[in-house]
Amino acid sequence: MEAPITVSYRWTVAEMLRAQRVAARNWWLGRALYFFFPLFGFIMLGSAAYTHLIRYPNAFNFISSAAVSLFLISLPFLTRRRLRKSLERRPDRDMMVNFEITDEHVSNKTPLSSTEMKWDSIIKVLRLRDAFLLYHSERQFFWLPLDAFAQPEDVERFATLARSKVQTYREKL
């Protein structure tokens, strides 16, 4: 048996936001929130300006359309702000997170908790440009940033191991 793969990093608010942003971009609703809603908001705002100010002047309709448009445009910022506030109150904020990965299990330890999961409980692994996401449910995941691996060659070792142990392994590099 080879030596376990170790991954360690500090779970800061910035790291939590980074993990959330990467996970959201790889989920259909997250893509809608961060791309399509603001895009639709800008289109709606332009349409409202033309329709309610130039073609058929009506200040009330313009103001109501503009309010909805601005809400859609600001939705990613409002979501990010709310998320940052909730992350700042988490008890595991600024703690070291340590993963030990073997052929049999993935274990996660912080000063507050420890988890050991067999590979069968991991439903999907997503390899991204700067991290791995290990999903143990449809929306819950473990975050393994590539720069947190103890040895650079452990990144490829982990990728090979994950490919052999998990049914759904995808790369989005």
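Read the figures in this text as sums done on the coordinates, not as results from a lab. Just so we're clear, the structure is a prediction, and the values are computed from it rather than from any experiment. Reconstructed Cβ throughout: ideal geometry from the backbone, glycine too, with neighbour counts over all protein chains shown.
Taking amide H atoms as placed 1.01 Å from N in the peptide plane, the amide H of residue 132 lies under 5 Å from those of 144, 146, each 5 or more residues away in sequence or on another chain.
Placing dummy labels 7 Å off each Cα toward the beta-carbon, the span from residue 21 to residue 8 is 2.7 nm. Between the labelled values [x] 25.1, 95; [y] 21.4, 75; [z] 19.1, 74, the entry that holds Rg and Dmax of the Cα atoms in Å as derived from this structure is [y].
Determine the gain in length on full extension of the stretch residue 116-residue 88; use 0.36 nm per residue of separation and subtract their C-alpha separation, reporting nm with one decimal.
Working it through step by step, the gained length comes to 7.5 nm.
Springs between alpha-carbon atoms under 10 Å, Gaussian network over the chain: tell me which of 33, 144, 53 tops the mean-square fluctuations. Per the Cα network of the chain with a 10 Å cutoff, 53 tops the list.
Number of Lys-Lys pairs in the stretch 65-173 with C-alpha atoms under 26 Å apart and a separation of 8 or more places or on different chains: 8.
Think of it as helices only: each DSSP H run of n ≥ 4 in the chain is worth -39500 (n - 2.57), and spread over all residues that comes to -13500 deg cm²/dmol at 222 nm.
When the Cα positions of 27, 142, 162 are compared along the charge dipole of the chain, 27 comes out farthest toward the positive end, with charges on each C-beta of Lys, Arg, Asp and Glu. Straightening the chain between residue 56 and residue 71 buys 3.1 nm, computed as 0.36 nm per residue apart minus the Cα-Cα spacing. Membrane-span-like helices in the chain: DSSP H runs reaching 27 Å or more (Cα, own axis), mean Kyte hydropathy at least -0.5? Answer set is 59-88.
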